[in-house]
1. How large is the helix-only mean residue ellipticity at 222 nm for the chain, computed as the sum of -39500 (n - 2.57) over DSSP H runs with n ≥ 4, divided by its residue count, in deg cm²/dmol to the nearest 500?
2. Could you check what % of the DSSP bridge pairs in the chain are antiparallel, to the nearest 5?
3. Say each of L69 and Q20 gets a label point 7 Å from the Cα, pointing the same way as Cα to Cβ; how far apart are those two points in nm?
4. Only Lys, Arg, Asp and Glu count, each charged at its Cβ (+1, +1, -1, -1), so figure out the dipole size of the range 3-114 about its Cα centre, rounded to 20 debye.
5. Below 21 Å Cα-Cα, how many Lys pairs turn up in the range 3-114? Only count pairs eight or more apart in sequence, or on different chains, if you could.
6. With viscosity set to 1.306 mPa s and temperature to 10 °C, compute the Stokes-Einstein D of the chain, Rh being the Kirkwood radius across alpha carbon pairs; µm²/s, no decimals.
Amino acid sequence: MQSKETQEIIYQIIDDAKAQDIIVLDIRNISDIADYMVIASGTSARHVSSVADKLVDKMKEQGRRPLGLEGKETGEWVLVDYGDVIVHIMRPEARQFYNLEKLWGGDEAHGIAES
């Protein structure tokens with residue numbers, strides 16, 4: 001599966017799980033760690049964890065298992081690493097505080113999809 005296709009599937013899965021304010025950053029020109037970064041918000045810690053669970057379950061159905069999964073215990077910020085696509089699902093307060101869009105969205109990265 002190509003990284004573009006992976007990020008499109010991930011976007012659809014988390015959108016179906018009612019994640020909010022989803023953006024996809026193309027970071028191919030500024031980082032070697034991944035091609036795309038998906039950032040989304042959940043309405044509560046439970047919602048953040050639920051979106052992450054749905055993502056992992058649906059991606060397993062596609063034959064993809066995450067390389068890493070962190071933060072599910074607290075539900076404040078869950079990171080799901082699919083190698084070429086890194087997904088951050090965060091409570092709005094954490095998202096505002098860490099402001100990953102600004103950190104990764106400089107001149108070289110750009111948002112390619114928003115909900």
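1. Roughly -11000 deg cm²/dmol at 222 nm, from the helical runs in the chain.
2. Antiparallel bridges: around 75 percent, rounded to the nearest 5.
3. Result: 2.5 nm between the two label points.
4. Once rounded to the nearest 20, the dipole reads 360 debye.
5. Eligible lysine pairs with Cα atoms under 21 Å apart amount to 10.
6. Taking Rh from Cα pairs, D becomes 116 µm²/s.
Taken together, the values in this text are just the output of simple stated rules run on the coordinates, not laboratory data. In this text, all values refer to a predicted model and were calculated from it rather than measured experimentally. Positions of Cβ are backbone-derived with ideal geometry, glycine not excepted, and every protein chain shown enters the neighbour counts.
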